1. What longest region of the chain stays clear of trypsin sites (Lys or Arg not before Pro) that DSSP places outside H, G, I, E and B and that have at most 11 other Cβ atoms within 10 Å?
2. Kirkwood hydrodynamic radius (Cα pairs, Å) of segment 62-146?
3. What angle, in degrees between 0 and 90 and rounded to the nearest 10, separates the Cα long axis of helix 89-116 from the longest principal axis of the Cα atoms of the chain?
4. Per the helix-only calculation at 222 nm, which mean residue ellipticity applies to the chain, given -39500 (n - 2.57) for every DSSP H run of n ≥ 4 and division by its residues, nearest 500 deg cm²/dmol?
5. Nearest 10 degrees, 0 to 90: what angle lies between the long axis of helix 173-191 and the longest principal axis of the chain (Cα atoms)?
6. Let me check against my output: what whole-number percent is the relative contact order of segment 118-216, with C-alpha pairs under 8 Å and at least 6 apart?
7. Could you work out the relative contact order of segment 171-248, using alpha carbon pairs under 8 angstrom and six or more residues apart, expressed as a whole percent?
8. I'd like to know how the chain sits against the 2.2 N^0.38 Å rule of thumb: what's its Cα Rg over that expected value?
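Just so you know, all these numbers are worked out from the coordinates, no wet-lab data involved. Small disclaimer: the values here were computed from a predicted structure and weren't measured. Cβ: placed from backbone, ideal geometry, glycine included. Neighbour counts: every protein chain shown.
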Amino acid sequence: MLGFFRWEDSGSDFPFYRGSPSSLTVRQWWLVLAAVAGAFMALALTATLSGAGLFWSFLPAIGLAAIPLLALARVTPERWTCLFSRVGVREVRLMLGFALLNIVITMGLGAVVMALGHTSSNSATSHLGTLDTIELIAFFAKTIPQLLGEEVITILPFLALLQWLTQSLQWTRKTAVVAAWVLTSVMFGLLHLPTYDWNWLQCIVVIGGARMVLTMPWIMTKNLWVSTGAHITNDWILFGVGVLGAGLAGKV
């Protein structure tokens, strides 16, 4: 039965896992997942490089989305674009709504984790207050392909898990969706361990919880643009607040 979440668009279903619009074999899924892993490793290995130049610094961020999507296009050349649909007023409203919801939930989860121990700052953004205008523009621009890539490397494993759980293990769609949702959210959190000083609790609870919220618009619409837009809006608001706070602190 489709649409078991009340907020899931009626009549919509996830692609690939049950042969629509095409089927992927286990071997093809492994190729796609290998591309996901390779794209993430390329980004992680170049994250600490400095002095590479503006153009080269964009390449790993672009590759995070491009490499897995190219692998998907290789195994299903005429169907891979089904991950993306039109964007209208409704979709833009969903992007904004889920971004704001995520900020509220993340703040709550962060407060809980802080009460239990401590939280670590994002080492990749702690320097934003020291950047000049051009560097800030470049930073925000680079987040666009990188955040699209973060959606891609979450949703493709989600779909692979969905196929394995429903087709191989014969789980119901409801159970498989929830399991894939939780597992890929935990995976996403664990990928952020180096970013947050290997704070396991923070990465699993706060980052994983935020990922669960950001996956909701994908489950709802089956449109990767919507979850990507929510992710970009969420991060830009947080980054903007950080830059503004650093600027105000510098004037005190």
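1. Details: sites that count: ARG6, ARG86.
Between the exposed loop sites, the longest stretch runs 87-252.
2. Working: mean 1/r = 0.0595 Å⁻¹.
For segment 62-146, inverting the mean 1/r across all distinct Cα pairs yields 16.8 Å.
3. For helix 89-116, the angle is close to 60 degrees.
4. On the way: 7 runs with 163 residues, N = 252.
After summing the helix terms and dividing by residue count, I get -22500 deg cm²/dmol.
5. For 173-191 against the chain, the angle is about 30 degrees.
6. Numbers: 64 pairs, mean separation 29.0, N = 99.
Result for segment 118-216 is 29 percent.
7. On the way: 42 pairs, mean separation 16.0, N = 78.
It comes to 21 percent, rounded to a whole number.
8. Details: Rg = 18.5 Å, N = 252, 2.2 N^0.38 = 18.0 Å.
Ratio of Cα Rg to 2.2 N^0.38 Å: 1.03.
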